[in-house]
Structures are given as C-alpha cells and as structure tokens.
1. Among the numbered criteria (1) among the hydrophobic types (A, V, I, L, M, F, W, C); (2) part of a strand (DSSP E or B); (3) closer than 26 Å to Arg98 by Cβ, which one does Ile33 miss?
2. Of the residues Asp150, Asp171, which is of a type in the set (Asp, Glu) and touching a helix residue (DSSP H, G or I) at 6+ places or on another chain (Cβ under 6 Å)?
3. Condition first: open to solvent by 20 Å² or more (accessible area, probe 1.4 Å) and more than 16 Å from ligand 2 (Cβ to nearest atom). Now tell me which residues in segment 139-150 satisfy that.
4. Checking the structure you have, find out if any residue of segment 20-37 is within 16 Å of the chain's Cα centre (by Cα), modelled with pLDDT of 95 or more and over 25 Å from Gln136 (Cα atoms).
5. Just checking, how many residues over segment 118-135 are farther than 14 Å from Asp92 by Cα and open to solvent by less than 70 Å² (accessible area, probe 1.4 Å)?
6. What residue, among those in segment 174-212 that are away from ligand 2 (no atom under 16 Å from the Cβ) and in a loop (DSSP other than H, G, I, E, B), is surrounded by the most Cβ atoms within 10 Å (Cβ to Cβ)?
7. Would you please list the contacts, defined by Cβ atoms under 8 Å and residues six or more apart or on different chains, that run from a residue in segment 35-46 that is touching a residue at least 40 places away in the same chain (Cβ under 8 Å) and among the small types (Gly, Ala, Ser) to a residue that is open to solvent by less than 80 Å² (accessible area, probe 1.4 Å) and assigned to a strand (DSSP E or B)?
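The values are calculated or read from the model by the stated rules, or taken from the named source; none is laboratory data. Being a predicted model, the structure only gives us computed values, none of them experimental. Virtual Cβ from ideal backbone geometry, glycine too; neighbours counted across all protein chains shown. Surface accessibility is based on the protein's heavy atoms, side chains included, excluding ligands, DNA and RNA. Shrake-Rupley method; radii C 1.70, N 1.55, O 1.52, S 1.80 Å.
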Amino acid sequence: MNQHFQNELSIVVNKFPNLAVKSLGQEIYLRGILDVPNDNGDIVGSFLIEIHSVEKFPYRFPKLYEVGGEIPVHPDWHKYNDNSCCLTVEPDELIICRHGITLSYFIESIAIPYFANQLYRKAEGKYFNEYPHGYQGLYVFYAELFNNKDISVWLEYLKRTFSGKKAMRNDKCYCASGKKFKYCHMKTEEKLRVLGRTRILNDIQDIITSMR
Ligand SMILES: [Zn+2]
Ligand SMILES: [Zn+2]
C-alpha cells in the first residue's frame, strides 16, 4: 500500500464528505460522489468515482475511475474500457507531478476540471480544452511546450537544451521571439530537463511514426 496515499485519506474525506474510504483485500481506495462546481460554487454535475493509488504516487497521478456510466467508454471521450479516465498526456503528468502532488490537489486541480470539461462537452458538443487522445495529443503537447509546430525545430532546441551551452537569462531568446530568454524558452528548457532527453526523443519518434 502506498503510504503517501494512505496518509492523506482522512484529510480528503473531511474535505469531500461524499467520498468514503473503501477496502478490497489489501487495497484501500476512495469511492463516492464527486460534485463539480461552477465558478460561483454552484454544483453543476455529480459523478460516481473511485480513486485508486498507484505505486509511483505522488510522482504520478493516482487512477481515477468514473463508475457511474455518465461518460461513454471511448478514446474520444478520454475514458478507457476499465472505466479509468485519461487525464492528460504522460509528459504533462510527469511535469505536473515533478515535486510530488497531494491527493487534494489531484481532486481539485485534475479530477474536477476533467469532469467540468466533460460537462462542457455535453452542453457545447466539444471540450473546453483538451489534448486529443493518443499521439495527436502528444504532438499538440510538444508543439505547445516548444512553442513551435515544426518537429525539426523541436530537435534543434532539444539539442541546445542538453548540449550544456547555457543561454544567458537576460539575452534575447534563440527562438527569435524578441523576448528575453528567461521569459521565453528558459521555461521550456526547465520542463525538458524534467522529462529527460531519452523520453522526449522516444515520444518524438512515436509522433513521427504515427504520422506516416
Ligand atoms: Zn485521452
Ligand atoms: Zn524563446
């Protein structure tokens, strides 16, 4: 059993009284109703969910399941056959979790926005924001991270980041945006270092393969 996960359960059920701690054999998890508020704090939707720990929590998301059948099981709806929710692309998750996350943070900043996005889609026919499911989503994620749509440019910036030649904080950024490096690709480089060169190259290879 993951100790980080277990230690926080009492705090979470205090904060979210509709969630309860359940156990199945050795495993302890959360199950109950998660209410989704709008900006004014009014409840606009409710979902029956389970949250299960994973080995790498708090450096990875716990598993979120929508078990009430409100959301169709379909990649396009970011929901898997086992009712688990596809919350974002993997490198985004790794960056969010780089210092470890709390379970409360996960519920408030990841789970509730996921369901708010689903409610938005039900009402408007499209998501408020999303990375498309699969490699297309991975492409969109990296295009945003590099602030460039061209994969050959990604590879060039990647080389710079891991070459050891550091750009100076106050110099103009190498991307020719005209902004200082510290307000521009310095943030990109920090995130690239969290992910590591090998993972990024593998992701890029997967994206290129998926485009063929
Ligand atoms: Zn997805
Ligand atoms: Zn830049």
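1. Failed condition: (3).
2. Every option except Asp171 fails the conditions.
3. Tyr139, Val140
4. no
5. 5
6. Gly196
7. That search, which allows pairs on different chains as well, returns Gly45/Asp35; Gly45/Val36.
For every residue, the table says whether it meets (1) hydroxyl-bearing (Ser, Thr, Tyr); (2) exposed (fewer than 11 other Cβ atoms within 10 Å of the Cβ).
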residue: Asn18; (1), (2): no, no
residue: Gly25; (1), (2): no, yes
residue: Val36; (1), (2): no, no
residue: Gly45; (1), (2): no, no
residue: Ile49; (1), (2): no, no
residue: Ser53; (1), (2): yes, no
residue: Asn83; (1), (2): no, no
